[in-house]
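Everything on this sheet refers to the single structure shown next.
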Amino acid sequence: MEIFGIPVQALMGQLLIGLINGSFYALLSLGLAVIFGLLNIINFAHGAFYMMGAFGAYLLLNKLGLNYWWALLVSPIAIGAIGVLIERTMLSRLYQLDHLYGLLLTFGLALILQGLFRNEFGSSGLPYAIPPQLQGGQNLGFMFLPNYRAWVIVASLVVCLTTWFVIEHTRLGGYLRAATENPQLVQAFGINVPRMITLTFGFGVGLAALAGVMAAPIYQVGPLMGADLIIVVFAVVVIGGMGSIMGSIVTGFGLGLVEGLTKVFYPEASTTVIFIIMTIVLLIRPAGLFGAQK
Amino acid sequence: MASAVSSSSAATASTAPAHAPGRDVARTHLLVFALMLAVLVIAPLAGVYPVFMMKVMCFALFACAFNLLLGFGGLLSFGHAMFIGSAGYAAAHSAKVWGLTPELAVLFATACAGALGWVTGLLAIRRQGIYFAMITLALAQMVFFFSLQAPFTGGEDGIQAVPRGRLFGLIDLSQPIAMYAFVLVIFVVGFALIYRIVHSPFGQVLQAIRENEPRAISLGYDADKFKHRAFVLSAALSGLAGGTKAILFQLASLTDVHWGMSGEVVLMTLVGGMGTIFGPVVGAAVIVTMQNYLAELGSWVTVVQGVIFVICVLVFRRGIVGEIGHWLKKPL
């Protein structure tokens, strides 16, 4: 069976890889958007936190003997706590200044974190086994679907949609959206906005770490695994516009799929296609697909 | 989530706008400039490794060009590696394959970087503040992948064994003294040009836009046009540095197109003092020196650079020259 001269299996295989990449784009750009909404800071260290999440899983397994499922819980909380510490000690001093300083600070942090991990573990990737419960796969007739990959797509969809639901449809999310619009007013109503900011940053960092844990069995665990990824995620964020949570999720998955398709039809462009789309979006709709035009 | 609009104001906390210099300030600038020139001429005679000095000059010009955009235009580009890097390829290719003389190769590289800046600038200035940084970074990454795959860049190997050639077809640049003079002249011309741009009416409007864009627009200035021109100038001057560097080291490689290079030039400017005239030169000297002496520490260099970034942002936002200028109450 062929579509446009491409065997269906190859096409589906690349689409699956695209969906997997899209899951990570969505999780990471969601975290960036949540942080940006409240802190007005673009977290350049997001890729480093993603990398630390993966290393967290690796270390939990090899030093403490805690398996994947524990890592899924412990690693994001631990890395999120580091995020809280960073927000309290460093980022919170910069809120009165131009937002670019936040970008510069987190860029410095990314250099430090990636450098430290590279010194400790070397540049080459470390393997992390797929948990036994998710080994094997399903034969769907037209393609073979590994269980773990199906799990990653479903899990990241669930996490993304839950986050969306909490932010858009609960009281807590209401506070958050209100503080995004007007922090002074929300503070005047008796909500502890600084604490909310801190916890939001911690949550965004935790999301990145969660993505890292899920990525560990797919990609190799390496100190630079987040460095190039974060630049692609920045492009995803520019394309989607950070104004909408659902926008980040849809753009993340969508661009993953587009990238997968490009690998099938024109592999030379697969590394650049997202940047090319960014260029086109900037020309046609500079505020991004889901951004508010100003 | 509308509060991103404030990001264009006060990009540099440290500097008063560089007015058309008063006689007093102009004299100070001239004095410091003479001092800098003296150091650059005497250092190799006093036994400082000339290649090191030439490397510092290339990066100093690069950082000055970058500072033109950040310090005086308030635009943080995180993609300036694409200009120094692509200019390096242009100079190396034209000198090696087409056999251009070094001065033509460097001019060609400058033009290429300027053209790239014209295109990418048009895209990047469509968004402000943080988005501007992300867009330039993404565009530079696209240039990186292009350089990795394009046939004439040599991929991972880069373009090696670029001939230094004969300046104007006459002077052999493989002689150390000739090469040193060549780099020195390019640096001084580039530096003087940037100084002139900053203190020209164009530079004044640029700084007005940095301080208060809506007001500059209400006064009738087309802010986007000014930003775009500043971007092109910054790109072309970065290309001048990149072309010279490629001829100097006889090499154009992926290192210069990588995002790490974009980060380095931000760091140099930050350390020296953004929005100052001489800051980027000092910053470049500090960072290149550090890289030389810490080379044996291997990947710790990245960590040290990161730490310097964090310290500069948290407690040392004026930078070295900005701090001295503040102390002397004169914009340097």
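The values are calculated or read from the model by the stated rules, or taken from the named source; none is laboratory data. For clarity, every value in this text was computed on a predicted model and none was experimentally measured. Here the Cβ is made from the backbone with ideal geometry for all residues, glycine too, and neighbour counts use every protein chain on show.
Of the candidates A:Asn62, A:Asn43, the single residue that is at pLDDT below 95, over 17 Å from the mean Cα position of the chain (by Cα) and either closer than 19 Å to A:Ala211 by Cβ or in a helix (DSSP H, G or I) (or both) is A:Asn62. Applying a threshold of 8 Å to beta carbon distances and a minimum spacing of six or more residues, or different chains, the list of pairs starting in region A:56-72 at a residue that is aromatic (Phe, Trp, Tyr) and ending at one that is surrounded by 18 or more Cβ atoms within 10 Å (Cβ to Cβ) and part of a helix (DSSP H, G or I) reads A:Tyr68/A:Ala57; A:Tyr68/A:Leu61; A:Tyr68/A:Val213; A:Trp70/A:Leu60.
Matching residues to (1) crowded, with 21+ Cβ neighbours inside 10 Å; (2) touching a His at 6+ places or on another chain (Cβ under 8 Å); (3) within 23 Å of B:Ile130 (Cα to Cα):
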| site | (1), (2), (3) |
| --- | --- |
| A:Ile231 | yes, no, yes |
| A:Val237 | yes, no, yes |
| A:Met242 | yes, no, yes |
| A:Ile245 | yes, no, yes |
| A:Ser248 | yes, no, yes |
| A:Gly254 | no, no, no |
| A:Glu259 | yes, no, no |
| A:Glu268 | no, no, no |
| A:Ile280 | no, no, yes |
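Screening region B:133-161 for residues that are within 9 Å of chain A (Cβ to nearest Cβ) and farther than 27 Å from B:Ala95 by Cα and picking the one that is surrounded by the fewest Cβ atoms within 10 Å (Cβ to Cβ) gives B:Met134.
Screening A:Thr89 on (1) of a type outside the set (Asp, Glu); (2) in contact (Cβ under 8 Å) with a residue 60 or more places away in the chain; (3) exposed (fewer than 15 other Cβ atoms within 10 Å of the Cβ); (4) under 30 Å from A:Gln184 (Cβ atoms) shows it passes everything except condition (2). Scanning region A:262-294 for residues that are under 21 Å from the mean Cα position of the chain (by Cα), part of a loop (DSSP other than H, G, I, E, B) and at the interface with chain B (Cβ under 7 Å from one of its Cβ atoms) yields A:Thr271, A:Thr272. Please determine whether any residue of region A:162-175 is surrounded by 15 or more Cβ atoms within 10 Å (Cβ to Cβ), out of contact with any Phe, Trp or Tyr (no Cβ under 6 Å at 6 or more places or on another chain), within 14 Å of chain B (Cβ to nearest Cβ) and under 30 Å from B:Cys312 (Cβ atoms). Scanning region A:162-175 turns up no residue that is surrounded by 15 or more Cβ atoms within 10 Å (Cβ to Cβ), out of contact with any Phe, Trp or Tyr (no Cβ under 6 Å at 6 or more places or on another chain), within 14 Å of chain B (Cβ to nearest Cβ) and under 30 Å from B:Cys312 (Cβ atoms).
Tell me, yes or no, whether region B:294-311 has at least one residue that is on the phi > 0 side of the Ramachandran plot and touching a residue at least 12 places away in the same chain (Cβ under 8 Å). Show your work before the answer.
In the first step, residues of region B:294-311 are kept if they are on the phi > 0 side of the Ramachandran plot; the result is B:298.
Checking the rest, the ones that are also touching a residue at least 12 places away in the same chain (Cβ under 8 Å) come to none.
No: zero hits.
Applying the set (1) aliphatic (A, V, I, L, M); (2) within 11 Å of another protein chain (Cβ to nearest Cβ); (3) surrounded by fewer than 20 Cβ atoms within 10 Å (Cβ to Cβ) to B:Ala178 leaves exactly one unmet item: (2). The number of residues in region A:206-229 being of a type in the set (Ser, Thr, Tyr) and either within 14 Å of chain B (Cβ to nearest Cβ) or buried (at least 24 other Cβ atoms within 10 Å of the Cβ) (or both) comes to 0. For region B:301-332, residues that are within 24 Å of B:Cys58 (Cβ to Cβ), within 13 Å of chain A (Cβ to nearest Cβ) and not polar (S, T, N, Q) total 7. For region A:189-216, the tally of residues that are more than 25 Å from A:Thr89 (Cβ to Cβ) and over 16 Å from the mean Cα position of the chain (by Cα) stands at 2. Kindly list the number of the only condition in (1) among the polar types (S, T, N, Q); (2) part of a loop (DSSP other than H, G, I, E, B); (3) free of Cβ contacts under 8 Å to residues at least 60 places away in the same chain that fails for A:Ser123. The single condition A:Ser123 does not satisfy is (3).
Checked against the criterion of being part of a helix (DSSP H, G or I) and closer than 27 Å to A:Ser92 by Cβ, the candidates A:Ile239, A:Ile230 yield just one match: A:Ile230.
Does at least one position in region B:93-101 carry a residue that is part of a helix (DSSP H, G or I), over 16 Å from B:Val143 (Cβ atoms) and of a type in the set (A, V, I, L, M)? Within region B:93-101, one or more residues are part of a helix (DSSP H, G or I), over 16 Å from B:Val143 (Cβ atoms) and of a type in the set (A, V, I, L, M). The listed residues are B:Ala236, B:Ala208, B:Ala230, and the only one of them that is more than 20 Å from B:Ala63 (Cβ to Cβ) and of a type in the set (A, V, I, L, M) turns out to be B:Ala208. Condition check: farther than 27 Å from A:Ala71 by Cα, free of Cβ contacts under 8 Å to residues at least 24 places away in the same chain and either in contact with a Pro (Cβ under 7 Å, 6 or more places away or on another chain) or assigned to a helix (DSSP H, G or I) (or both). Does A:Gly141 satisfy that? The answer is no for A:Gly141. For region A:92-120, taking the residues that are more than 7 Å from chain B (Cβ to nearest Cβ), of a type in the set (Ser, Thr, Tyr) and surrounded by fewer than 24 Cβ atoms within 10 Å (Cβ to Cβ), the one that is farthest from A:Phe55 (Cα to Cα) is identified as A:Tyr95. Taking the condition in contact (Cβ under 8 Å) with a residue 24 or more places away in the chain, more than 23 Å from B:Met36 (Cα to Cα) and within 14 Å of chain A (Cβ to nearest Cβ), does B:Arg164 pass? No, not satisfied.
One line per residue, one yes/no per condition, for (1) over 15 Å from the mean Cα position of the chain (by Cα); (2) assigned to a helix (DSSP H, G or I); (3) touching a residue at least 12 places away in the same chain (Cβ under 8 Å):
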residue	(1), (2), (3)
B:Ile186	no, yes, yes
B:Gly190	no, yes, yes
B:Ile209	yes, yes, yes
B:Ala216	yes, yes, no
B:Gly220	yes, no, no
B:Phe226	yes, yes, yes
B:Ala236	no, yes, yes
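With respect to being touching a residue at least 40 places away in the same chain (Cβ under 8 Å), within 10 Å of chain A (Cβ to nearest Cβ) and either of a type in the set (A, V, I, L, M, F, W, C) or surrounded by fewer than 19 Cβ atoms within 10 Å (Cβ to Cβ) (or both), B:Trp259 fits the description. The criterion of being more than 30 Å from B:Leu314 (Cα to Cα), touching a residue at least 12 places away in the same chain (Cβ under 8 Å) and in a helix (DSSP H, G or I) holds for B:Gly242.
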